[in-house]
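Only one structure is covered here, and it is reproduced in the block below.
The values are calculated or read from the model by the stated rules, or taken from the named source; none is laboratory data. Note that the structure is a prediction, hence the values are computed from the model and not measured. As a convention, Cβ positions derive from the backbone with ideal geometry for all residues, glycine included, and neighbour counts pool all protein chains shown. Just so you know, the surface numbers come from the protein's heavy atoms only, side chains and all, with ligands and any DNA or RNA stripped out. Shrake-Rupley method; radii C 1.70, N 1.55, O 1.52, S 1.80 Å.
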Amino acid sequence: MLTQLREIVDKVVSAQTLIEALDQLVMSTCQAMKTDCCSVYIANHERQLYTLMATQGLHKSQRRVSLRFNQGLVGLVGRSAELVNVADARVHPHFKHLPGIGEESFRSFFGTPIIHQRQVLGVLVVQQREKREFNESEESFLVTLAAQLSGILAHAKAQGMWFEQGNKLHLTGSAASAGVAVAKAWWDDTQPLLEHVAPTSCLDVNFEQERLTIAIEAASTEFRRLRKRFDSELQKETLAIFDLFSHLLNDPMLRKDLKARIACGDQAEWAVRQVVESYSARFANMKDQYLKERAQDIRELGQRLLFFLRDEDVDELQWDEPVVLLTRELTAAMLATVPLGKLAAVVAQEGAANSHAAILSRALGIPAIMGVDFVPHTVHNNLVIVDGYRGDFLVNPNRHVLVEYRRLLREEHELAKTVEGDLDKEAYTKDNQRIMVHLNAGLSADTSIAVNKGVDGVGLYRTEVPFLLQRSFPSEEEQINQYRSILQTYPDQTVVMRTLDIGGDKPLPYLTIEEDNPFLGWRGIRFTLDHPEIFLIQVRAMLRASIGLNNMDILLPMISGIAELDEAKILIERAYQEVAAQYDGELRKPRLGIMIEVPSMLYQLHALADKVDFISVGSNDLTQYLLAVDRNNSRVASVYDAFHPAVLNALKHIIESAERYQIPVCVCGELAGDPIGAILLVGMGYRSLSMNTRNVAKIKYILRHVSALDMEQLADDVLAVHLSCEVRDRTTLFVEQHGLGGFIRAGK
């Protein structure tokens, strides 16, 4: 049957239209299975109907024949998302007769759902006149065929070829930057593409080398210009994206390889394509997610070189109103082509939610979706909605949807203005409970950003970001300068510096670590304990940077047992003694804490009382390890849920244990910056939260409008339920009852 299956799929794929493809499918299936009837019913989720779209064996009706989702055996297949195989359909309690199509002549019925990414797109049915159940071989054949058909239907839907869809599209992608936009779409086709460069030789090698040199210099100048343009709007860790591109352009190996190709007689453009694709492929084949995404950075660099090699004057477009920028691959340079006041959102066919362009979009507050399978000419210049919370992209939406999203957009703007008024105020609940709100920082906690005056310090400073942006391990002096600038930004507040946390999704570009499962491998404290020389240099740099400021604490990541903690403490004491011996004054010994992110530590909290000064809960990794799900894997993204009852009960256990053993505790994962998450955490007893810049004002506003007592009652309520959806339903109702429903719109 495999040969027959392959032949059917080949015929369906080669059809000119979707209707033709389905007609070919039902006809070929009847022949292959030697059955009397085969039909395809397509789901219309808006109208809750299954419509008969193609059939071999039933009579073609002048009108569309449909069944409601709750009707008939077809509806039963769709509702249960399971196959139904009955010998006599007429006696089945769910049977519904459809008059006028000749169905009464068939007795046996076998239906299987057509499912794509957990959504039922339709039902594939075969029927025969005689009473009999279809055998296992026939079942296997039809189920396999339905699985093949699901991909074809999903692709057709994404391409705007869905039945009765007209020019209305509802596409989805990966939510890369939160927010909502309603505007006309603009397809950017001005960027040269690597794959459009054909093999071309040159006659004048020196001329091509000069062209390449000029293009590299022009690209370097552009990245410096972009960095300067965004200097007043972005934090330093985001601006460092442009520094990374400059580093890549000046990489001696890259320049050497480009010039070598030209020396062999290749035109500059062809040299760029070959070298860039070679480098990009090398990164793309790596298992680590961070390194995979660097492949896109290399491609972006190559395409900017092509742009400057083209040496053509490109007319600068004038924008009368904000637009949604459509592109194949979003780049930092593209974000700069449209004035920020005119850029409503961006939608890219390719790219990841953690790419540098996505990070830049988030920093600029521009809604963005990646990986949307749209056809440019069907979307360009049409009115679209971008939902950066859920990853929804709607083209020519109906009036009701448009009204709702415009209302949400107005609400977003009003909320942003409202919460900014609470930024400078200390965070007290409605019943006067003080909540400490700290900042999660990356490369820097820049003194120029307004949110600095609204936080109680830095709850998590990720020291690995400078390591990631360099070509080699930074020296002790380089680290001192970096850490000192952060500590000086918060002279009267505590800055918690986490020691180097590489591995997993944060490998160093100059230290190759090949592992089958990097998240469970050589990362965090495991790496630094195996490299005490790196650890000692970093701790010494931290201690030296804190001299005279005395506002630095040290945090150890990825601790899974007491032995690791004891070993790290020995090294920290050694570094302290080395620095103290060189310093005339009294050197303050920093407080020491550990991250609670490995589930094993949940059962060793009692052993920490005399060993650490505080603990920080890394809710992101704790959720990942508790649920055994890679949060960067799109295939299992739906399984990763910080509101899973197991995660919430683990968080409750941590705060109860911390209170019992009198250990200060803070939550520094993304859960702390989520409106629902913050409410539940305070309700459980947490009084210290650390979050990203964009969430500070919002969380402070929410906490000031709800009492701690009400939050405690809510937490007790949701800790007793068994499903994440129940947690969300109850917390959503709670927030709406307190007049804060706008903060938890769908998808947040």
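Values computed for the structure shown
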item	result
Scope the stretch 69-106; condition aromatic (Phe, Trp, Tyr) and either open to solvent by 20 Å² or more (accessible area, probe 1.4 Å) or in a strand (DSSP E or B) (or both); matching residues	Phe69, Phe95
Residue match in the stretch 57-68 (condition: assigned to a helix (DSSP H, G or I), open to solvent by 70 Å² or more (accessible area, probe 1.4 Å) and at pLDDT 90 or above)	no
Test: Tyr50 is at pLDDT 90 or above, under 16 Å from Gln148 (Cα atoms), aromatic (Phe, Trp, Tyr) and open to solvent by less than 80 Å² (accessible area, probe 1.4 Å)	no
Single residue of the stretch 228-263 satisfying the filter (surrounded by fewer than 16 Cβ atoms within 10 Å (Cβ to Cβ) and of a type in the set (A, V, I, L, M, F, W, C)) that is modelled with the lowest pLDDT	Met253
Check on Arg687, surrounded by fewer than 22 Cβ atoms within 10 Å (Cβ to Cβ), basic (Lys, Arg) and under 18 Å from Gly454 (Cβ atoms)	yes
Filter result (touching a residue at least 40 places away in the same chain (Cβ under 8 Å) and more than 17 Å from Gln662 (Cβ to Cβ)) within the stretch 586-614	Leu587, Arg588, Pro590, Met595, Glu597, Val598, Pro599, Ser600, Met601, Leu602
Count - residues of the stretch 117-133 that are over 21 Å from Leu67 (Cβ atoms) and at pLDDT 90 or above	5
Options Glu130, Glu136, Glu103: the member that is of a type in the set (Asp, Glu), farther than 15 Å from Tyr41 by Cβ and in contact (Cβ under 8 Å) with a residue 12 or more places away in the chain	Glu130
Candidates Ile554, Ile525, filtered to the one that is buried (at least 19 other Cβ atoms within 10 Å of the Cβ), touching a strand residue (DSSP E or B) at 6+ places or on another chain (Cβ under 9 Å) and modelled with pLDDT of 90 or more	Ile554
Condition check for Ile8: aliphatic (A, V, I, L, M), part of a strand (DSSP E or B) and closer than 25 Å to Ser137 by Cβ	no
Filtered residue count, the stretch 727-739, keeping only those that are open to solvent by 10 Å² or more (accessible area, probe 1.4 Å) and within 13 Å of Ile676 (Cα to Cα)	8
Test: residue in the stretch 632-644 that is modelled with pLDDT of 95 or more, closer than 25 Å to Met497 by Cα, out of contact with any Lys or Arg (no Cβ under 8 Å at 6 or more places or on another chain) and open to solvent by less than 50 Å² (accessible area, probe 1.4 Å)	no
Condition check for Gly548: farther than 18 Å from Ile502 by Cα and open to solvent by less than 40 Å² (accessible area, probe 1.4 Å)	no
Some residue of the stretch 443-457 being at pLDDT 80 or above, out of contact with any helix residue (DSSP H, G or I) (no Cβ under 6 Å at 6 or more places or on another chain), within 30 Å of Phe245 (Cα to Cα) and hydrophobic (A, V, I, L, M, F, W, C)	no
Qualifying residue in the stretch 160-167 (condition: in contact with a Phe, Trp or Tyr (Cβ under 9 Å, 6 or more places away or on another chain) and at pLDDT below 85)	yes
Sole residue being under 28 Å from the mean Cα position of the chain (by Cα) and either in contact (Cβ under 8 Å) with a residue 40 or more places away in the chain or open to solvent by 70 Å² or more (accessible area, probe 1.4 Å) (or both), chosen from Leu703, Leu709	Leu703
The stretch 120-156: number of residues that are out of contact with any Cys (no Cβ under 8 Å at 6 or more places or on another chain) and in a strand (DSSP E or B)	4
Filter result (at pLDDT 80 or above, among the charged types (D, E, K, R) and open to solvent by less than 20 Å² (accessible area, probe 1.4 Å)) within the stretch 287-306	Arg304
From the options Gly673, Gly739, Gly685, Gly669, residue that is at pLDDT below 90 and at positive phi	Gly739
Qualifying residue in the stretch 400-412 (condition: closer than 14 Å to His170 by Cα, open to solvent by 20 Å² or more (accessible area, probe 1.4 Å) and part of a loop (DSSP other than H, G, I, E, B))	no
Residue match in the stretch 279-286 (condition: modelled with pLDDT under 75 and over 19 Å from Asp630 (Cα atoms))	yes
From the options Val647, Val667, Val639, residue that is of a type in the set (A, V, I, L, M, F, W, C) and more than 29 Å from His606 (Cβ to Cβ)	Val639
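Yes/no matrix, rows are residues, columns are (1) modelled with pLDDT of 90 or more; (2) basic (Lys, Arg):
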residue	(1), (2)
His170	no, no
Gly179	no, no
Ala183	yes, no
Asp188	no, no
His196	no, no
Asp204	yes, no
Phe207	yes, no
Arg211	yes, yes
